[in-house]
1. Inspect all residues belonging to the stretch 6-25 and state whether any of them is assigned to a loop (DSSP other than H, G, I, E, B) and within 14 Å of the chain's Cα centre (by Cα).
2. Taking ASP91, is it assigned to a helix (DSSP H, G or I) and either touching a helix residue (DSSP H, G or I) at 6+ places or on another chain (Cβ under 7 Å) or open to solvent by 20 Å² or more (accessible area, probe 1.4 Å) (or both)?
3. Can you find, within the stretch 27-68, the residue that is most open to solvent (accessible area, probe 1.4 Å) among those that are under 14 Å from LYS89 (Cα atoms), not in a helix (DSSP H, G or I) and not aromatic (Phe, Trp, Tyr)?
4. May I ask you to verify whether PHE84 is open to solvent by less than 30 Å² (accessible area, probe 1.4 Å), modelled with pLDDT under 95 and within 26 Å of LYS40 (Cβ to Cβ)?
5. Is there a residue being more than 21 Å from GLN159 (Cα to Cα) and in contact with a strand residue (DSSP E or B) (Cβ under 7 Å, 6 or more places away or on another chain) anywhere in the stretch 113-135?
6. Quick one: in the stretch 94-112, of everything that is in a loop (DSSP other than H, G, I, E, B) and hydrophobic (A, V, I, L, M, F, W, C), which residue is nearest to SER157 (Cα to Cα)?
7. Quick check: anything in the stretch 70-93 touching a residue at least 24 places away in the same chain (Cβ under 8 Å) and on the phi > 0 side of the Ramachandran plot?
8. Kindly establish whether TYR85 is out of contact with any strand residue (DSSP E or B) (no Cβ under 8 Å at 6 or more places or on another chain) and not in a loop (DSSP other than H, G, I, E, B).
Amino acid sequence: MQQKSKLRKKYLKIRKENYFEIDKNFFSPLYKLIKKNIKKKSIIIALYYPSNFELNVLKVLDLKYFLDQMILLPVVEKNNSMNFYQWKKNDVLTVNEFGILEPIKAEAKIPDLILVPLLAFDKDKFRLGYGKGYYDRYLNKYIKQYKDIMTVGVAFSFQKHNKLPINKNDVKLDFILTEKGIYK
């Protein structure tokens, strides 16, 4: 646990010092990945509202394909869990207890694709998050039920760590997307 805590501090600092704005072209490999791996015409995509120098995944909405899909954002629930709720660009958002913007809750949805925030990732596609476990709990619960949820960690290439410490609750992602492309 202490090792993860040190890594969190290290990668928060690295991300803040090296952050740069991306444009919609960052997500071109994601579009190709979806077309290859998800055989539905219309899909449900879970994003996150970026904060604290996280990569701005909202730029994906500058691509027409993504605007035509159902978009979800996470909401932290009272029982220390997380669910995803529908959101459209420019819809009103509320601020949760962690200062993160969330959509207004209606009916929780299960996404086909989740773009997962992270502080660091490794060659095995494990991620280091903020330590609260929301994404790992969600993924452990729903990937067992819905095996076809595709998970893509979204990061800058400088967030790559050789080998992260992992435990039984950590979920391996399907792919990692950086400005250098897709890690498979």
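The values are calculated or read from the model by the stated rules, or taken from the named source; none is laboratory data. Fair warning: this is a prediction, and the values are worked out from it, not measured in the lab. We place every Cβ from the backbone using ideal geometry, glycine too, and count neighbours over all the protein chains shown. Note: accessible area is taken over every heavy atom of the protein model, side chains too, but ligands, DNA and RNA are not part of it. Shrake-Rupley method; radii C 1.70, N 1.55, O 1.52, S 1.80 Å.
1. Quick first cut of the stretch 6-25, residues assigned to a loop (DSSP other than H, G, I, E, B) only: 19-23.
Keeping just the survivors that are within 14 Å of the chain's Cα centre (by Cα) gives none.
So far as the stretch 6-25 goes, no, none of its residues is assigned to a loop (DSSP other than H, G, I, E, B) and within 14 Å of the chain's Cα centre (by Cα).
2. On the way: assigned to a helix (DSSP H, G or I): no; either touching a helix residue (DSSP H, G or I) at 6+ places or on another chain (Cβ under 7 Å) or open to solvent by 20 Å² or more (accessible area, probe 1.4 Å) (or both): yes.
Taking the combined requirement at face value, the residue does not satisfy it.
3. ASP68
4. On the way: open to solvent by less than 30 Å² (accessible area, probe 1.4 Å): yes; modelled with pLDDT under 95: no; within 26 Å of LYS40 (Cβ to Cβ): yes.
No, not satisfied.
5. Taking the stretch 113-135 first, the residues more than 21 Å from GLN159 (Cα to Cα) are 113.
Narrowing further to those that are in contact with a strand residue (DSSP E or B) (Cβ under 7 Å, 6 or more places away or on another chain): 113.
Yes, that holds for at least one residue.
6. Just the residues of the stretch 94-112 that are in a loop (DSSP other than H, G, I, E, B), to begin with: 96-100, 104-107, 110-112.
Then keep just the ones that are hydrophobic (A, V, I, L, M, F, W, C); that gives 98, 100, 104, 106, 110.
Working: PHE98: 26, ILE100: 24, ILE104: 33, ALA106: 36, ILE110: 29 Å.
The extreme case among them is ILE100.
7. yes
8. Judged against the criteria, TYR85 is not a match.
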